[in-house]
Amino acid sequence: MKVFIQNEAGSFVKHFHNEKTLELKGAACVSRPYPFPYGFILNTTAEDGLNVDCFVRTREPLRTGQIIECDAIGLMEQREDGKQDHNVLAGIAGGSEKLDKESMKTLVDFVGHVFDHFPGKSIQVGEFCGADEALSYIARHYDPGTENIG
């Protein structure tokens, strides 16, 4: 799967792109730095009408705008403002990244506080699931009608 990197690890900046054309629309500050590179999976459409969200578990510096070939390693169930908004967890294709307890704890802390500066914003993390569940989720949201660049 191809992942478009929207936000760099360590950054307090959240970029907003048109997720179908990849055009940069703007940016805003968040309350916590991104623990891993974050973006979305090309040629997918989730319940919120945007592409499927994805954290890439890597120590490699990935930059905003890069498109990276990745393998699914897990799924973090999440609800944002009462609506399903799951995150696929990935590693760079062919790598050995695994989903571990430390990464899960880091992600729960991040999503629980990233929007602290937005009064009324509500995010709840559900279960962490394995690669098979992530692949099934991606397949259910694959959208051959949205051919992104890449």
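Out of all the residues in region 58-72, is one or more surrounded by fewer than 17 Cβ atoms within 10 Å (Cβ to Cβ), among the β-branched types (Val, Ile, Thr) and either under 16 Å from Glu127 (Cα atoms) or in contact (Cβ under 8 Å) with a residue 24 or more places away in the chain (or both)?
Yes, region 58-72 contains at least one residue that is surrounded by fewer than 17 Cβ atoms within 10 Å (Cβ to Cβ), among the β-branched types (Val, Ile, Thr) and either under 16 Å from Glu127 (Cα atoms) or in contact (Cβ under 8 Å) with a residue 24 or more places away in the chain (or both).
Those residues that are at pLDDT 95 or above and either aliphatic (A, V, I, L, M) or surrounded by fewer than 19 Cβ atoms within 10 Å (Cβ to Cβ) (or both), I need them from region 78-88; list them, please.
Val88 - this is the single residue of region 78-88 that is at pLDDT 95 or above and either aliphatic (A, V, I, L, M) or surrounded by fewer than 19 Cβ atoms within 10 Å (Cβ to Cβ) (or both).
Any residue in region 108-117 that is of a type outside the set (A, V, I, L, M) and within 14 Å of the chain's Cα centre (by Cα)? Please lay out each step first, then the result.
Filtering region 108-117 for residues of a type outside the set (A, V, I, L, M) gives 109-110, 112-113, 115-117.
The next check asks that each one be within 14 Å of the chain's Cα centre (by Cα); those that pass are 110.
For region 108-117, residues of a type outside the set (A, V, I, L, M) and within 14 Å of the chain's Cα centre (by Cα): present.
Which residues, counting only those in region 96-134, are surrounded by fewer than 16 Cβ atoms within 10 Å (Cβ to Cβ) and aromatic (Phe, Trp, Tyr)?
Phe118
Within region 9-30, identify whether any single residue is of a type in the set (A, V, I, L, M, F, W, C), buried (at least 16 other Cβ atoms within 10 Å of the Cβ) and more than 13 Å from the chain's Cα centre (by Cα), and answer yes or no. Let's see the steps before the verdict.
Let us first name the residues in region 9-30 that are of a type in the set (A, V, I, L, M, F, W, C), namely 9, 12-13, 16, 22, 24, 27-30.
This time we only want the ones that are buried (at least 16 other Cβ atoms within 10 Å of the Cβ), so: 9, 22, 30.
So of that shortlist, the ones also more than 13 Å from the chain's Cα centre (by Cα) come out as 22, 30.
There is at least one residue in region 9-30 that is of a type in the set (A, V, I, L, M, F, W, C), buried (at least 16 other Cβ atoms within 10 Å of the Cβ) and more than 13 Å from the chain's Cα centre (by Cα).
Take the residues in region 39-56 that are in contact (Cβ under 8 Å) with a residue 40 or more places away in the chain and not in a loop (DSSP other than H, G, I, E, B), then tell me which one is farthest from Leu89 (Cα to Cα).
Looking at residues that are in contact (Cβ under 8 Å) with a residue 40 or more places away in the chain and not in a loop (DSSP other than H, G, I, E, B), I get Thr44.
Between a first residue in region 99-113 that is on the phi < 0 side of the Ramachandran plot and a second residue that is charged (D, E, K, R) and not in a helix (DSSP H, G or I), which pairs have beta carbons less than 8 Å apart while being 6 or more apart in sequence or on different chains?
Within 8 Å, the pairs are Leu99/Arg57; Ser103/Arg57; Asp109/Arg32; Phe110/Arg32; His113/Arg32.
Give Asn43, Asn51 a once-over and let me know the one that is crowded, with 23+ Cβ neighbours inside 10 Å and polar (S, T, N, Q).
Values: Asn43 fails: crowded, with 23+ Cβ neighbours inside 10 Å.
Answer to the check: Asn51.
Out of region 102-125, which residues are in a helix (DSSP H, G or I) and not aliphatic (A, V, I, L, M)? Before the answer, list the steps.
We begin by selecting, within region 102-125, every residue in a helix (DSSP H, G or I); these are 102-113.
Selection gives Glu102, Ser103, Lys105, Thr106, Asp109, Phe110, Gly112, His113.
Among the residues of region 89-137 satisfying the criterion of being in contact with a strand residue (DSSP E or B) (Cβ under 9 Å, 6 or more places away or on another chain) and of a type in the set (S, T, N, Q), which is modelled with the highest pLDDT?
The selected residue is Ser136.
Please go through region 6-38 and give me each residue that is in a strand (DSSP E or B) and in contact with a His (Cβ under 9 Å, 6 or more places away or on another chain), ordered by number. Reasoning before the result, please.
Applying the first criterion (in a strand (DSSP E or B)) to region 6-38 yields 6-7, 13-17, 24-29, 38.
Gln6, Asn7, Leu24, Lys25, Gly26, Ala27, Ala28, Cys29, listed by residue number.
The values are calculated or read from the model by the stated rules, or taken from the named source; none is laboratory data. For clarity, every value in this text was computed on a predicted model and none was experimentally measured. No Cβ is skipped: glycine too gets one built from the backbone with ideal geometry, and neighbour counts run over all protein chains shown.
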